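> Before I ask anything, here is the structure I am working with.
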Amino acid sequence: MTTEATINEESLHTLIGGVLQDLGGAFSVPLVQIGESLGLYRALHENGAQTSAELAMKTGLNERYLREWLSAQAASNYITYDSANNRFSMTPEQTFVFANPDSPFYLAPAFGSAAAFQHNMPQVKDAFRTGEGVAWGDQTECLSCAVARFFRPGYQNHLVQSWIPSIEGISEKLSENGSVADVGCGHGISTMIMAQAFPNARVDGFDFHEKSIEEARKHANQHEVPNLTFHIQEAKELPGKYDLITMFDCLHDMGDPVGAMKTIRGALNPGGAVMIVEPMAGDSLEDNLNPVGRMYYSASTMVCVPTSLAQETGAALGAQAGEKRLRDLIVNEAGFSYCSRAAETPFNLILEARA
Ligand SMILES: C[S@@+](CC[C@H](N)C(=O)[O-])C[C@H]1O[C@@H](n2cnc3c(N)ncnc32)[C@H](O)[C@@H]1O
């Protein structure tokens, strides 16, 4: 057993300092959700430096609650406090992360994902004992909303601008006519972005989760996008033929990713391609012992592994499978002739596969 005599003080201080930072972040989860959903970051950004009383006037919210919330946010360095005039404001960088939904680093929705993981904890904890899965549809309802909101800024900023152009010949094909299947599309954010960017192409979104497809259809009905349709469909049963098949953050969630990729290979038109977007990861655990790997291993424990284990085969690749494992699966197990990295962001690995 470890005794105090064997404790290295410096290591202990470093560990405690890190854990205190983390606890501050964990305690902030509901506060960031409140700030986002009540429009507090936006109000601070749009109206400039304000006292808590001024913010209360602007928003019609209670000053005492706002004062405490503002103090916590300033202590987190999510907003800025000027003691000379008792006002709170947001720097351009703080705005970029908390108040601008179109920025590629709009991270506020990620706190909603953390809340959903916590909500799901009892059933995932039970699954540790039984080894069984927890189906995507049995997780808390807002998990799919939280995931859709978390990934949206990445798709908004990269999908049409750089990911699709990184796959030779596909932008041109979709601009003329062409067809896209977005497999495991969830709420269909990526599907909608592609349908709007390529109005001459037919764009179909598929997901086996009924409620997600309902949300996707609701969202599509609010916009006029005649070339977009959503379908409830298991990936392994994808119907039809397509020029581009996309898979955003879903391959590793599937119970039978090899079976899904085999079907998808057969659903490609000649000259077609598959774009597989997976969480950024190195090939080994030690490569992933960093802030992004830490987030994704945690998400994978709470969501990705349970989702896969709840399905037939239960391959449970995990969110940090890494490029080598994914390419091996796609080429050697599912029979694609070609698979390589087409693009990347700090959060995403974008693979292109050809039949
Ligand atoms: C992490 S979410 C990603 C959703 C969406 N692509 C996005 O990026 O926002 C994973 C999605 O894969 C779907 N999924 C998992 N296994 C599936 C399967 N075998 N067939 C079809 N969809 C599946 C889930 O329902 C869920 O919507």
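> Going by the conditions given, is L244 crowded, with 24+ Cβ neighbours inside 10 Å and away from the ligand (no atom under 14 Å from the Cβ)?
Yes, satisfied.
> Next question, about the same structure. Any chance region 280-289 includes a residue that's free of Cβ contacts under 8 Å to residues at least 12 places away in the same chain, outside any helix (DSSP H, G or I) and in the same structural domain as D126 (by TED's automatic domain parsing)?
Yes, there is a match, as at least one residue in region 280-289 is free of Cβ contacts under 8 Å to residues at least 12 places away in the same chain, outside any helix (DSSP H, G or I) and in the same structural domain as D126 (by TED's automatic domain parsing).
> Check whether at least one residue in region 296-305 is open to solvent by less than 10 Å² (accessible area, probe 1.4 Å) and over 14 Å from the mean Cα position of the chain (by Cα), and report yes or no.
Checked region 296-305: no residue is open to solvent by less than 10 Å² (accessible area, probe 1.4 Å) and over 14 Å from the mean Cα position of the chain (by Cα).
> Name the pairs: first residue in region 134-158 and free of Cβ contacts under 8 Å to residues at least 60 places away in the same chain and β-branched (V, I, T), second residue open to solvent by 50 Å² or more (accessible area, probe 1.4 Å) and more than 9 Å from the ligand (Cβ to nearest atom), Cβ to Cβ under 7 Å, at least 6 apart or on different chains?
Going by the 7 Å Cβ cut-off, the qualifying pairs are T140/H119.
> A follow-up question, please. Looking at region 112-134, can you tell me whether even one residue there is part of a loop (DSSP other than H, G, I, E, B), open to solvent by less than 40 Å² (accessible area, probe 1.4 Å) and either away from the ligand (no atom under 16 Å from the Cβ) or not small (G, A, S) (or both)?
Looking through region 112-134, at least one residue is part of a loop (DSSP other than H, G, I, E, B), open to solvent by less than 40 Å² (accessible area, probe 1.4 Å) and either away from the ligand (no atom under 16 Å from the Cβ) or not small (G, A, S) (or both).
> Within region 242-268, track down each residue that is over 20 Å from G314 (Cβ atoms) and assigned to a helix (DSSP H, G or I).
The answer is R265, G266.
> Can you find a residue in region 55-63 that is open to solvent by 20 Å² or more (accessible area, probe 1.4 Å), assigned by TED's automatic domain parsing to the domain that holds F150 and touching a residue at least 12 places away in the same chain (Cβ under 8 Å)?
No, region 55-63 has no match at all.
> Within region 293-331, which residues are outside any loop (DSSP other than H, G, I, E, B) and under 20 Å from A135 (Cβ atoms)?
The answer is S298, A299, S300, T301, M302, V303, C304, V305, P306, T307, S308, L309.
Okay, residues lined up against (1) in contact with a Phe, Trp or Tyr (Cβ under 8 Å, 6 or more places away or on another chain); (2) on the phi < 0 side of the Ramachandran plot; (3) in contact (Cβ under 8 Å) with a residue 24 or more places away in the chain:
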{"position": "F248", "(1), (2), (3)": "yes, yes, yes"}
{"position": "A260", "(1), (2), (3)": "no, yes, yes"}
{"position": "A273", "(1), (2), (3)": "no, yes, yes"}
{"position": "A299", "(1), (2), (3)": "yes, yes, yes"}
{"position": "A310", "(1), (2), (3)": "yes, yes, yes"}
{"position": "G335", "(1), (2), (3)": "no, no, yes"}
{"position": "E344", "(1), (2), (3)": "no, yes, yes"}
{"position": "I350", "(1), (2), (3)": "yes, yes, yes"}
{"position": "A355", "(1), (2), (3)": "yes, yes, yes"}
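> Now a separate question. May I ask you to say which residue of G169, G154, G186 is modelled with pLDDT of 95 or more, of a type outside the set (A, V, I, L, M, F, W, C), in contact with a strand residue (DSSP E or B) (Cβ under 9 Å, 6 or more places away or on another chain) and crowded, with 21+ Cβ neighbours inside 10 Å?
The match here is G186.
> Can you tell me which condition L31 does not meet? The list is (1) within 22 Å of Q118 (Cβ to Cβ); (2) loosely packed, with under 11 Cβ neighbours inside 10 Å, and all the others hold.
Of (1) within 22 Å of Q118 (Cβ to Cβ); (2) loosely packed, with under 11 Cβ neighbours inside 10 Å, only one is false for L31: (2).
> A further question follows. Looking at region 203-241, which of its residues are open to solvent by less than 20 Å² (accessible area, probe 1.4 Å), part of a helix (DSSP H, G or I) and away from the ligand (no atom under 12 Å from the Cβ)?
Scanning region 203-241 gives a single hit, A220.
> It is to be established whether one or more residues within region 122-131 are assigned by TED's automatic domain parsing to the domain that holds R217, within 30 Å of F96 (Cβ to Cβ) and polar (S, T, N, Q).
No, the conditions are met nowhere in region 122-131.
> Would you mention how many residues in region 193-202 are open to solvent by less than 20 Å² (accessible area, probe 1.4 Å) and either at pLDDT below 95 or within 15 Å of the ligand (Cβ to nearest atom) (or both)?
So the count comes out to 2.
> Which of (1) in contact (Cβ under 8 Å) with a residue 24 or more places away in the chain; (2) surrounded by 20 or more Cβ atoms within 10 Å (Cβ to Cβ) is the odd one out, the single condition A49 does not satisfy?
(2) is the only condition that A49 fails.
> Also, I was wondering about something else. Identify, from the list F96, F88, the residue that is open to solvent by 20 Å² or more (accessible area, probe 1.4 Å) and among the aromatic types (F, W, Y).
Result of the check over F96, F88: F96.
> Spot the failing condition for N77; the list is (1) open to solvent by 70 Å² or more (accessible area, probe 1.4 Å); (2) on the phi < 0 side of the Ramachandran plot, and only one is missed.
Unmet condition: (2).
> Which is under 29 Å from A148 (Cα atoms) and without any contact (Cβ under 8 Å) to a residue 40 or more places away in the chain, of A84, A74?
Just one listed residue meets the conditions, A74.
The values are calculated or read from the model by the stated rules, or taken from the named source; none is laboratory data. Everything numeric here is computed off the predicted structure, so don't read it as measured data. Neighbour counts run over all protein chains shown; Cβ positions are idealised from the backbone, glycine included. Each accessible area value is taken on the protein alone, full model and side chains, heavy atoms only, with ligands, DNA and RNA left out. Shrake-Rupley method; radii C 1.70, N 1.55, O 1.52, S 1.80 Å.
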